[in-house]
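Worksheet: one structure, shown below.
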Amino acid sequence: MRRKGVCLAALAFALAGCGGGALGKHALTKDVESIQSLAAESALLATQVAHGDVTGTFVRVHTQYLGRVSGSLERTLAKARVPEGLADKRRRAVRLAGLVDRDLELLHEHPDDRALGQRLAAELERVAKQAEELAK
Amino acid sequence: VSKVLQLALGILAAIGGFVDIGDLVFNIEAGATFGYQLLWVVVVGVVGIIVYSEMCGRVATVAKRPVFDAVRERMGFGVGLGVLVASQVVNLMTLAAEVGGAALVLQLLAGISYRALIVVAVVGLGVAIWVLPFEWIERLFGYMGLCLLVFAVGAIKLHPDWGAVGHGFVPHADTGNFMLYAYFAVGLLGAAMTPYEVYFYSSGAVEEGWTQKDLGLNRTNSMVGYVLGGTLSFALMITAGALYLPRGIDPQFIGTVALGADVPLGTIGLILAMVGILFAVGGAAIDTCLSGAYNVSQYFGWEWGKHRRPSEAPRFALSWMALLVLGLLIIVTGVDPVMLTEYSVIVSVVALPLTYLPILLVANDKAYMGRYANGRLANAFGLFYLAIIMVVALTAIPLMILTNGGKG
């Protein structure tokens, strides 16, 4: 369901023009929760890669779908206008979305690399925790 | 063996109805959002669909009237036409979503382009409907869909809190967002009692030439099939409650559903899950495609049936082919199949009373049914579920608006 939110956020951004749409506290928190969800799911997938318990094709395709959402979130958040009090939260959210996006790209390119999977699983778990803290 | 093979109609109707692409994601989302709290809704839905499937199977067997015959006769031409249009819209939305779902699963299995696989899925489904006899469609898609039982094994291996699972069968709402809880409850009920299941099931009873001797088979079919479908719903919700809820994962993709079998069971679990999903969504696509052709043919009094050659029932054959092509045209626009089917579930809920009321009226009519008309118990259950369906139909759209399409 959050993907619909991401689509709506992207649409709102497009309608608001290239200057970026305005983002309130609730919408920003929802986006951070989406980042947390994506990071946690990507960590789970990376763990399966580390254990050699998943097919390379599945990893390549699924990371592509997850990456589309994380990339869209990163771009939308980077361009959105937020009230001054939320600027730091938005900046940290953009950084976390970027980390998820980068890690997903690595998994996409190396779906059979177990050592990389282990490293990315740990990193993505950390990102998920940071996003959880940020959403509070 | 032949007794087991005879259960294929109920199994296909239930698997196609309970675990199509929308239900897969809806069940997983319900579990990931509310844990095991909504398990009781599946029980309510399973009993409801058993009651009405048994009824419409009995009507089709005794009075030789599948659902849309009854709809036209009992609701009149005008209202009947409204029901036909509404049900065809929902059928088409669901068919398009299932075709997209099949292409998504094929992509996860083969890694080829999604758009190319949409065409592959449509051609495959068209060939299956054209070439295979009705009984073999049931068996192939129904029994291969049973690979989804891998989720039941996976759910056990995830070691959920069984006390909490048991508590989930008792209606309760331990949440700060009751509207969202109600939205999921309505969606799960709508998904369990989706109209195309009974269109397909009753027409299938006529296709298979059931006679009064087969009324026992009808009862067994509806019970075994839908209990199996319900079991798969439980398994998906428990998997999500144990795996995704504690991690704060909001499942959005068909790949996330499959990952639920991969984590506890490894690659073999993943492959079985994807094969099961492929045949379940393929079965649902055939259910909806044939249901659409059954409905329009029965409403206008055309010759119909898979057991007839296309030259004997040309308008029926053209109807299912046209629906398949329309489904293809919708899904190649790039619309998200998961989102499409979630909306189709909610929209179909509004059409539920107009589908189930005529079944209840005909099943109760001694002029048609003679000694096989509803008894007191069947009527009590039928009326109770009709009341539930009315409440669900009235609240579905407002809840979708109030919860922002389930976003909360």
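Each reported figure results from applying straightforward, stated rules to the coordinates on display, with no laboratory input. Keep in mind that this is a model prediction, so the values were computed, not measured. FYI the Cβ positions are ideal-geometry reconstructions off the backbone, even for glycines, and counts take in every protein chain you see.
Label B:Asn404 and A:Glu109 with points 7 Å out from Cα along Cα→Cβ: what is the distance between them in nm?
3.6
Which value at 222 nm does the protein assembly as shown reach when only helices count, each DSSP H run of 4 or more adding -39,500 (n - 2.57), with the total divided by all residues and rounded to the nearest 500 deg cm²/dmol?
My calculation for the protein assembly as shown gives -27500 deg cm²/dmol from helical runs alone.
Note down the relative contact order for chain B as a percent, whole number, built from C-alpha pairs under 8 angstrom at least six residues apart. List each step's numbers first, then the result.
Values: 703 pairs, mean separation 155.2, N = 408.
Relative contact order, chain B: 38 percent.
Under a plain spin-label model, where a point goes 7 Å from the Cα along Cα-to-Cβ, how far apart in nm are B:Leu215 and B:Asp161?
The modelled label-to-label distance comes out at 4.8 nm.
Neighbour counts of other C-beta atoms within 10 Å: give me B:Phe234, B:Phe77 arranged from fewest to most.
Lowest to highest Cβ neighbour count: B:Phe77, B:Phe234.
Please go through segment B:281-377 and write out the trypsin sites (Lys or Arg not before Pro) that DSSP classes as loop and that have at most 15 other C-beta atoms within 10 Å.
Qualifying residues, ordered by number: B:Arg308.
Once R0 is set to 35 Å, what does the formula 1/(1 + (r/R0)^6) return for the Cβ-Cβ distance between B:Thr267 and A:Arg75, expressed as a FRET efficiency to the nearest 0.05?
On the way: r = 34 Å, r/R0 = 0.98.
Step by step, r from the Cβ atoms, then E = 0.55.
Assigning unit charges at the beta carbon (Lys, Arg +1; Asp, Glu -1) and nothing else, what dipole magnitude in debye, to the nearest 20, does the protein assembly as shown show about its Cα centre?
Here the protein assembly as shown has a charge dipole of around 640 debye.
Just tell me, in residue order, which DSSP H segments of chain B are both 30 angstrom or longer along the helix axis (alpha-carbon based) and at least 0.0 in mean Kyte-Doolittle hydropathy.
Span-like helices in chain B: B:39-62, B:67-110, B:215-243, B:254-300, B:337-363, B:376-402.
Across 20 Å bins from the origin, how do the percents of Cα pairs in chain B run, short distances first?
Histogramming chain B at 20 Å steps yields 30, 60, 10 percent.
Tell me the Kirkwood radius of the protein assembly as shown: reciprocal of the mean inverse pair distance over distinct alpha-carbon atoms, in Å.
Computed over Cα pairs of the protein assembly as shown, the Kirkwood hydrodynamic radius comes out at 23.8 Å.
Mind jotting down a quarter of the surface of the convex hull over the alpha carbons of segment B:342-408, in square nanometres, one decimal?
Mean orientational projected area (segment B:342-408, Cα hull): 5.1 nm².
What FRET efficiency comes out for the pair B:Glu73/A:Glu84, r = Cβ-Cβ distance, R0 = 56 Å, nearest 0.05?
Computed FRET efficiency for B:Glu73 and A:Glu84: 0.25.
Ranked by Cβ crowding within 10 angstrom, fewest neighbours first, how are A:Leu38, B:Leu394, B:Leu84 ordered?
B:Leu394, B:Leu84, A:Leu38
Where q = 0.11 Å⁻¹, what log10 of I(q)/I(0) comes from the Debye formula for segment B:106-264, counting one point per Cα?
Once normalised to I(0) and log-transformed, intensities are -0.64.
Need the C-alpha centroid separation for segment A:36-87 versus segment B:298-349, integer Å.
36
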